[in-house]
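The values are calculated or read from the model by the stated rules, or taken from the named source; none is laboratory data. Remember, it's a predicted structure, so these values are computed and weren't measured experimentally. For neighbour counting, all protein chains shown are included, and Cβ atoms are generated from backbone atoms with ideal geometry for every residue, glycine included.
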Amino acid sequence: MDASTGPVDRRRTFAIISHPDAGKTTLTEKLLLMGGAIQLAGEVKGKRDRRQTRSDWMGIERERGISVVTSVMTFEYGGRIFNLLDTPGHEDFSEDTYRTLTAVDSAVMVIDAAKGIEDRTRKLFEVCRLRDIPIVTFVNKLDRETRDPFDLLDEIEKVLALDTVPMTWPIGRGRDFAGTYDIIARTVRRIDTDDAVIPVSGPNDPQIDGLTTPEAVASFREEMELIEGAGNGFDTDSFRQGHLTPVYFGSALRNFGVHDLIDALAAFAPSPRPQQAEGRVVEPTEEKMSGFVFKIQANMDPNHRDRIAFLRVCSGKLQRGMKAKLVRTGKPIPLSSPQFFFAQDRLLADEAFAGDVVGIPNHGTLRIGDTLTEGENLVFRGVPSFAPEILRRIRLQDPMKAKKLKEALQQMAEEGVVQVFLPQDGSPAIIGVVGALQLDVLKERMQVEYGLPIDFEPSRFTVCRWVTGTDKDALNMFVERHRSSMASDLDGAPVFMAPSAFELRYELDRAPTITASEIKDYQ
Ligand code: G4P
């Protein structure tokens with residue numbers, strides 16, 4: 001690496017998107033191993049037990065074998081610093097995943113070679129597309145029977161409307177799979193020796209003959225003729241604009257092709273990108289520190305009832321001990337112990353740069369969507385909230401604890417665990433979630449953390465939308481006319497609730513100047 005490369009250029013902040021079971025966890029492990037992060041965590045002896053408890057702090061997570069939390073892992077490889085933002089695998093926590101994708105500069109899309117593009121991959125891809133996040137594709141499980149690779153590329157192009165450029169190509173498939181051929185470098189990587197590559201003169205090099213069956217080698221050569229004939233070269237600009245994806249083939253389980261992937265991220269994936277704030281774009285190289293909170297995590301350590309706000313640094317240098325301004329309130333907050341995460345461990349972060357994600361312990365000061373700066377009144381936009389698909393009323397087993405419930409719900413809403421809507425007619429709060437499992441998490445946390453046993457009751461509403469309008473009088477009239485169906489969210493924004501999608505549409509059709517939205521940026 002060029003010694004003059006600055007801290008921003010060295011960084012790659014990315015996430016892995018995939019359908020459950022495609023191999024995201026296996027690939028993450030292999031990437032961390034390669035970056036030494038797992039070893040590093042393992043070296044911190046004596047903390048082992050604490051680490052284990054921490055990683056599965058919550059009963060639900062343990063019981064169901066799912067990862068509820070979103071975390072970040074930092075590792076170094078080839079002179080670059082990688083920040084891998086993990087996302088929950090379960091669909092019910094998709095909101096968390098979407099918010100995490102606002103904090104990355106690129107993504108790796110993992111596809112099961114036998115299955116192709118699956119439902120959740122498509123949805124996550126669409127979120128990436130909204131922000132033009134460049135995607136590197138990893139076709140996984142090449143050690144098994146797979147679909148025809150051309151079919152897979154075709155499917156990516158058709159279903160996702162994304163151009164593909166194969167960067168490597170499999171030699172043989174399933175039982176005959178011998179390794180991959182690097183189309184640009186003209187090298188072969190054998191399945192049994194991932195860390196070494198063999199230089200060859202091209203697909204017809206006799207060294208390839210002995211690697212697998214003659215039929216598989218013949219097919220490989222035919223396929224390479226087609227690829228080279230098509231002449232679709234890789235174009236960095238097109239990739240960075242999100243129009244084109246380089247495709248790599250491998251097997252996460254066999255730790256094969258993972259070097260190709262990480263080298264690709266180092267070579268092509270963008271370093272921290274400029275970020276849109278209200279009124280101006282913030283360049284990562286600006287001197288003053290700025291960043292936004294995209295995730296709040298409670299109880300990362302059961303011994304300390306702390307809340308960690310995950311801040312994506314967008315510019316400048318965050319230094320331990322500095323005071324930052326919380327733009328929402330205008331108040332200074334001291335950053336006395338910002339943290340980095342290494343696999344399951346955390347370390348104090350003395351300094352962090354654009355692209356880094358630091359955890360900031362706090363006791364409820366920070367909310368999702370908050371902007372921190374070194375003084376400027378910047379507001380970063382685009383950490384979204386999604387209209388819930390499930391609305392419920394909460395039944396408190398001990399009615400004397402109503403005040404405590406209100407406080408607890410406010411905190412859960414600030415963390416993004418649930419959304420809380422306060423009906424304007426003064427009736428009890430309604431909570432909203434995107435996935436049913438979030439209700440279980442809420443119930444458990446209310447019990448464990450606040451000593452509040454709760455149950456849920458159906459609400460007479462099933463759908464809701466944020467409503468806005470440029471014609472203030474018309475908006476006020478709408479709110480007035482629907483007073484018994486209106487609520488305010490955490491920020492006081494008006495929300496219209498309806499018993500069914502039909503009634504929602506019916507009322508909105510009658511109010512053409514009102515804009516109803518399923519997504520709202522955090523304030
Ligand atoms: P996910 O996080 O995307 O849900 O997937 P995960 O890595 O957990 O992988 C899902 C299953 O696929 C696991 O098997 C894993 O071992 C397997 N797998 C991942 N990569 C490869 C690969 O390259 N080749 C093959 N053949 N299998 C792969 P499992 O039986 O469900 O779990 P486990 O008992 O192996 O942990």
Review point. Assigned by the TED database to the domain that holds Leu261 and either of a type in the set (Gly, Ala, Ser) or within 15 Å of the ligand (Cβ to nearest atom) (or both), is that true of Lys123?
Key: yes
Review point. Only one of (1) under 14 Å from the mean Cα position of the chain (by Cα); (2) near the ligand (Cβ under 10 Å from one of its atoms); (3) modelled with pLDDT under 95; (4) not polar (S, T, N, Q) is not met by Val110, so which one is it?
Key: (3)
Exercise for review: Take Gly364 and decide whether it is in contact with a strand residue (DSSP E or B) (Cβ under 8 Å, 6 or more places away or on another chain), surrounded by fewer than 23 Cβ atoms within 10 Å (Cβ to Cβ), of a type outside the set (Asp, Glu) and modelled with pLDDT of 90 or more.
Suggested key: no
Study note, to complete from the structure: Residue set Glu414, Glu389; condition charged (D, E, K, R), crowded, with 17+ Cβ neighbours inside 10 Å and either assigned by the TED database to the domain that holds Val479 or at pLDDT below 90 (or both); output residue Glu414
Exercise for review: Please tell me if Phe456 is touching a His at 6+ places or on another chain (Cβ under 8 Å) and in a strand (DSSP E or B).
Suggested key: no
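Yes/no per residue for (1) free of Cβ contacts under 8 Å to residues at least 24 places away in the same chain; (2) β-branched (Val, Ile, Thr); (3) in contact with a helix residue (DSSP H, G or I) (Cβ under 9 Å, 6 or more places away or on another chain):
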{"position": "Ser238", "(1), (2), (3)": "no, no, no"}
{"position": "Gly242", "(1), (2), (3)": "no, no, yes"}
{"position": "Leu261", "(1), (2), (3)": "no, no, yes"}
{"position": "Pro284", "(1), (2), (3)": "no, no, no"}
{"position": "Val327", "(1), (2), (3)": "no, yes, no"}
Exercise for review: For Asp132, indicate whether it is without any contact (Cβ under 8 Å) to a residue 24 or more places away in the chain, in the same structural domain as Thr25 (by the TED database), farther than 30 Å from Ala436 by Cβ and more than 13 Å from the ligand (Cβ to nearest atom).
Suggested key: no
Review point. Within segment 366-406, which residues are over 23 Å from Arg445 (Cα atoms), assigned to a strand (DSSP E or B) and not β-branched (Val, Ile, Thr)?
Key: Leu372, Phe380, Pro384
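Residue-wise test of (1) in the same structural domain as Glu29 (by the TED database); (2) hydrophobic (A, V, I, L, M, F, W, C); (3) not in a loop (DSSP other than H, G, I, E, B).
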{"site": "Arg221", "(1), (2), (3)": "no, no, yes"}
{"site": "Ile227", "(1), (2), (3)": "no, yes, yes"}
{"site": "Pro246", "(1), (2), (3)": "yes, no, yes"}
{"site": "Asp260", "(1), (2), (3)": "yes, no, yes"}
